[in-house]
Amino acid sequence: MIKTATQDRLIARIERLKKERNAIILAHNYQVGEIQDVADFLGDSLELSRKAALTDAEVIVFCGVHFMAETAAILCPDQTVLLPDVAAGCGMSEMISAEEVRTLKASHPDAVVVCYVNSSAAVKAESDICCTSSNAANVVQSIPKDREVIFIPDQYLGDYVTRKTGRKLILFNGYCPTHFRIMTADLDAAKTSHPDALVMAHPECTPAVSGMADQVLSTSGICTEATKTEKREVIVATEVGILHRLKKENPEKDFIPACTWCDCAHMKVNNLEKLLWSLESLQYPITVEPSIANRAKQAIDRMLEIGS
Ligand code: 13P
Ligand code: SF4
């Protein structure tokens, strides 16, 4: 991507402030290209949590959505975690409340609660163990077979885990409103136009869509496989922000979005100006009330111990 003089100036100021503040910029694979390019580390939710847990930077600027910055704040209580725009929420994480988790637990008192990280700290605090799209199956498999498992909030990731592990899960009815936009007809049309393409989908897609894919992977899993494959064409059923990284890392390959309007408005609120203001004014700090953070941290730590 060609940078404008304005972007160059913004980037220079971001780099200078980053050093002055001893800051690190973490960015999710769905961020706009200009943010991806300036980030110190780009990754999926699990990689970003691990990076946050290990960094000794004093300031972590999290270019992603609120639940990701909140997870970093829980893992790094002594560091400053910033979200450049507090409007960066997540449609899925807002679908479930701590109260609803308590109600589910009351009807299945012996069940283990597995919580997708796309959830609030209060919901994580009610859960036994977290998971991300890249380790959900491993997390569920780590639970003894004779235990019931409640899987929240993403019913489609839960369905994918059941298909992969054979474990029956008690599901909540949450889903990602962005991935929900990808229709089987869209993917069918892309496959018909590109019959030799490798098809990869994110597990937040509906089961009908992910069932049509050759591989179902996290965002970074999709990036890794895109580089490994011998295929020259790859159809991608996930949020379109990932195309920037895919094209940059594999300029010789063609990436075809299964749906061009699979675009997460929350992921797209960040830009270079907001990143600069964030570093200038240390805005917006994300903090979690200690009684909730301590309980949520146990669920996150259990996940990090399992690996991907
Ligand atoms: P990944 O962990 O695969 O990056 O997914 C995060 C997300 O929000 C997908 O919608
Ligand atoms: Fe949330 Fe879906 Fe956006 Fe991911 S793509 S942040 S799950 S709304």
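Computed from the coordinates by the stated procedures, all read-outs in this text should not be read as laboratory data. Please read these numbers as outputs of a predicted model, since none were measured by experiment. Heads up, the Cβs are rebuilt from the backbone with ideal geometry, glycines too, and the neighbour counts pull from every protein chain shown.
A few notes on this one:
- Set of aspartates and glutamates with alpha-carbon distance to LYS124 below 15 Å, sequence-local pairs under 8 removed: GLU70, GLU94, GLU99, GLU100, ASP154, GLU289, ASP301
- Taking 0.36 nm per residue of separation and subtracting the Cα-Cα distance, full extension of the segment from TRP277 to THR165 would add 35.8 nm.
- For the stretch 176-275, the set of trypsin sites (Lys or Arg not before Pro) satisfying both a DSSP loop assignment and a count of at most 14 other C-beta atoms within 10 Å is given as ARG232.
- Taking other Cβ atoms within 10 Å as a rough exposure proxy, CYS259, CYS76 sort from fewest to most as CYS76, CYS259.
- Counted residue by residue at 0.36 nm each, then reduced by the alpha carbon distance between them, the extension gain from ASP196 to LYS145 reaches 14.4 nm.
- Evaluated over the chain, the Cα radius of gyration and Dmax, each in Å: 19.2, 61
- Global form of the stretch 1-80, assessed from the alpha-carbon gyration tensor, a/c cut-off 1.5: oblate
- For a straight C-alpha distance cut-off of 28 angstrom, the lysines reachable from LYS231 (same-chain residues fewer than eight places away being disregarded) are LYS164, LYS191, LYS247, LYS248, LYS253.
- For the chain, Cys with no neighbouring Cys Cβ under 4.7 Å: CYS63, CYS76, CYS90, CYS115, CYS130, CYS131, CYS176, CYS205, CYS223, CYS264
- Label-to-label distance for GLU20 and ALA87 is 2.7 nm, based on points extended 7 Å past Cα in the beta-carbon direction.
- SER97/THR184 FRET efficiency (R0 22 Å; Cβ-Cβ; nearest 0.05): 0.10
- Prolate/oblate/rounded label for the stretch 236-299 (Cα gyration tensor, a/c 1.5): prolate
- Efficiency of FRET between ASP110 and ALA208 - r from beta-carbon atoms, R0 41 angstrom, step 0.05: 0.80
- Cβ-Cβ FRET estimate between ASP56 and ASP263, R0 fixed at 35 Å, reported to 0.05: 0.50
- Separation between Cα centres of the stretch 184-204 and the stretch 217-242, rounded to whole Å: 12 Å
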